[in-house]
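The values are calculated or read from the model by the stated rules, or taken from the named source; none is laboratory data. All values reported here derive from a predicted model rather than from experimental measurement. Heads up, the Cβs are rebuilt from the backbone with ideal geometry, glycines too, and the neighbour counts pull from every protein chain shown. Remember, those area values only see protein heavy atoms, side chains included, never the ligands or the DNA or RNA. Shrake-Rupley method; radii C 1.70, N 1.55, O 1.52, S 1.80 Å.
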Amino acid sequence: LNMMKKKLLTPVLLMAVFACLPNEAHAQGIRVSAMGTGSFLLSEKFFEVAGEPFRSNYAPGGKFILGGEYSTNKVLGFEVAYAYGRNNLRVADLNATPVDETGYGVRIHRLNGNLVLHSPVELLRVRPYVTAGIEFTRYSPTSQAKELAFTQGFAGQSATLRANIKPGVNYGAGVEWGLLPALALRLDVRDHVTGTPRFGLSQDPSSGAIFPISGTAHDVEVAAGFTLHFGD
């Protein structure tokens, strides 16, 4: 979490400085955006269960994002966005030859609140921005994944998977390219950082089925879509 705070500090300070600068067009407005993303959930872990080595990671996936931003002026805005998509969990038995890998469907719901700092100037109708904020992410195994873990096993053990809600932070940057007075093409790249989900499984071997991992997960997303501007 200390590292997350350090990553957030620079863009947040920049937002505060630019928001206090004089701006020749102090206009309030609302932006509504819809985007699709490519998602790369980076959380590879190695662990042992009953002396056998396993590896877990996530398949690349995608999300749909719907967001709204309230702009206090041409520079500073406050964003709320909801994202839904998937990054399926993969668990591999490294003791098997060849390596035996099993996939478990995972659906991801995310709600974030961000500060957004837009450039006070634009070039060729392109205006860059930086953003940072907090979020809550729900990692939810599908019904098929739950059935598979219970009947055929999870890392060599019968397991009951549950959804996890993880707080986190995100930071990134993007550009808006004005196509029409009220319509812009938006490109966005962000890193979403949360604790690694364990889907309700314990790290303690004495408590039944286990998933003995810890650390952070980085969901790097590259998004593209459109933004509608109202009032600014």
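Here are some notes:
- Accessible-area value, ARG31, 1.4 Å probe, nucleic acids and ligands omitted, Å²: 20
- Accessible heavy-atom area order of LYS63, LYS146, LYS45, LYS74, highest first, probe of 1.4 Å: LYS146, LYS74, LYS45, LYS63
- Per residue value of the accessible surface for the range 109-217 (all protein chains in place, 1.4 Å probe), Å²: 47
- For the chain, the C-alpha radius of gyration divided by 2.2 N^0.38 Å, with N the number of residues, is 1.19.
- Relative intensity, log₁₀ I(q)/I(0), of the range 33-131 from a Debye sum that treats every alpha carbon as a point, q = 0.11, 0.19 Å⁻¹: -0.53, -0.95
- With all protein chains in place and a 1.4 Å probe, the accessible surface of the range 104-173 carries 61 percent carbon and sulfur.
- Amide H contacts under 5 Å for ALA159, placed H, 5+ residues apart: PHE150, GLY153, PHE154
- Contact order relative to length of the range 49-174, as percent, for alpha carbon pairs under 8 angstrom and 6 or more apart: 22
- Within the range 59-85: backbone nitrogen closer than 12 Å to the VAL32 label point (7 Å, Cα to C-beta): 67-69
- Computed over the chain, relative contact order equals 21 percent, with contacts defined as Cα pairs under 8 Å that lie 6+ residues apart.
- Simple spin-label estimate for ILE165 and SER207 in nanometres, 7 Å along Cα-Cβ: 1.9
- Per-pair calculated FRET efficiency, R0 = 41 Å: VAL121 and ALA59 via Cβ, rounded to 0.05: 0.50
- ARG110, ARG162, reordered so the largest accessible area comes first (probe 1.4 Å): ARG162, ARG110
- Residues of the range 89-114 with amide N under 17 Å of a point placed 7 Å along Cα→Cβ from PHE150: 104-106
- For GLY200, residues with placed amide H under 5 Å, excluding near neighbours: ARG162
- Scalar couplings 3J(HN,Hα) for the range 46-58, obtained by applying the Karplus form with A = 6.51, B = -1.76, C = 1.60 to θ = phi - 60°, are 10, 8, 10, 10, 6, x, 9, x, 9, 10, 10, 7, 10 Hz; x denotes Gly and Pro.
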